[in-house]
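Throughout, read-outs are computed from the coordinates displayed, never taken from laboratory work. The structure displayed is predicted, hence computed values, not measured ones.
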Amino acid sequence: MKRAELYFAAHPDSPSAVQRPALIPRSGIWVALVGQNIQQSVIGLGATVEAALRAFDSQYAANATPHLSKKPRGPRLAPRSQSSRRGTKLAAAVRSQSMSQSTGSHLNI
């Protein structure tokens with residue numbers, strides 16, 4: 001398709017130039033598509049081939065780049081009340097062990 005080749009030549013480093021999506025006309029709309037199925041695809045829609053490829057490039061960039069506005073998630077921790085109870089129990093066991101070392105007792109947690 002000549003219009004797509006012109007777009008690729010004008011934007012050689014764009015995702016569409018590298019990925020070469022399928023271009024499909026559907027009901028007056030151009031669809032630029034790469035992927036196995038809708039859930040795992042990158043799709044660009046536009047009234048022209050160029051518009052569909054620009055939309056594809058935008059979608060590809062949005063899906064390839066982590067969203068900076070989202071806060072990174074750390075490990076999921078137990079609610080404070082549970083973890084502090086565990087910590088208190090452990091501290092008590094350690095104190096008990098250190099106090100009973102002279103009597104030969106063992107740590108029981």
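How would segment 2-64 be classified by its alpha-carbon gyration tensor: rounded, prolate or oblate, with rounded meaning a/c under 1.5 and the a/b versus b/c comparison settling the rest?
Values: a/c = 1.75, a/b = 1.08, b/c = 1.62.
In terms of gyration-tensor shape, oblate.
Subtracting the Cα-Cα distance of Arg26 and Arg3 from 0.36 nm times their residue separation leaves 6.6 nm of extension gain.
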